[in-house]
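The values are calculated or read from the model by the stated rules, or taken from the named source; none is laboratory data. In this text the structure is predicted, and so the values were computed from the model without any measurement. Don't worry about glycine lacking a Cβ; one is built from the backbone with ideal geometry, like all the others, and counts go over all protein chains shown.
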Amino acid sequence: MSQQTIIIADDEAFLAQMLSFNIQKSGHKVFIARDGVELCDMAAKKRPNLIITDYQMPIMNGLTACIQLKQNPITADIPILMLTARGHRLSPEELSQTNIRLMMPKPFSVREVIAQVENLLHAAQTALPSGESPT
């Protein structure tokens, strides 16, 4: 798979750096945001292929950021992987307002996150454009 751009949004600097390092090792370009506001601004400018965000962040939490990303036509189709505290769940109504494709509990296996990143990137690349029907 060709190099893809990924934004990681997490206020835990060590976790963001560790994920960034490992995702870059798998051949992708990574940018780091420290909160939901920075994530939304960065996503509109960088137009990443995937976003990984924590739920709990200062200034604007991950859910609010994901809702804003879905409402912005520039970022509405970007798939999102959300990292959450163990046991935290979002309601179907909350999920329907976002483009969250997968939620993973913390703590997590870096290997599993990388595998899911590749799965989500592959699924996004093979998805048909909106309104186009399969032949």
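Before moving on, here are some points about what is shown:
- Counted residues, region 21-69 - those being in contact with a Gly (Cβ under 8 Å, 6 or more places away or on another chain) and among the basic types (Lys, Arg): 0
- Close pairs (8 angstrom Cβ cut-off, 6 or more residues apart or separate chains): without any contact (Cβ under 8 Å) to a residue 60 or more places away in the chain and assigned to a helix (DSSP H, G or I) in region 18-29, among the aliphatic types (A, V, I, L, M) and surrounded by 15 or more Cβ atoms within 10 Å (Cβ to Cβ) anywhere: 20/8; 20/30; 20/32; 24/30
- Unique match (being under 18 Å from residue 124 (Cβ atoms), surrounded by 13 or more Cβ atoms within 10 Å (Cβ to Cβ), modelled with pLDDT of 95 or more and out of contact with any Cys (no Cβ under 7 Å at 6 or more places or on another chain)) among 23, 80, 32: 23
- Pick from region 83-120, criterion free of Cβ contacts under 8 Å to residues at least 60 places away in the same chain, surrounded by fewer than 19 Cβ atoms within 10 Å (Cβ to Cβ) and among the aliphatic types (A, V, I, L, M), ranking: farthest from residue 54 (Cα to Cα): 115
- Filter result for the condition that a residue is in a strand (DSSP E or B) and of a type in the set (S, T, N, Q), over 64, 84, 98, 75: 84
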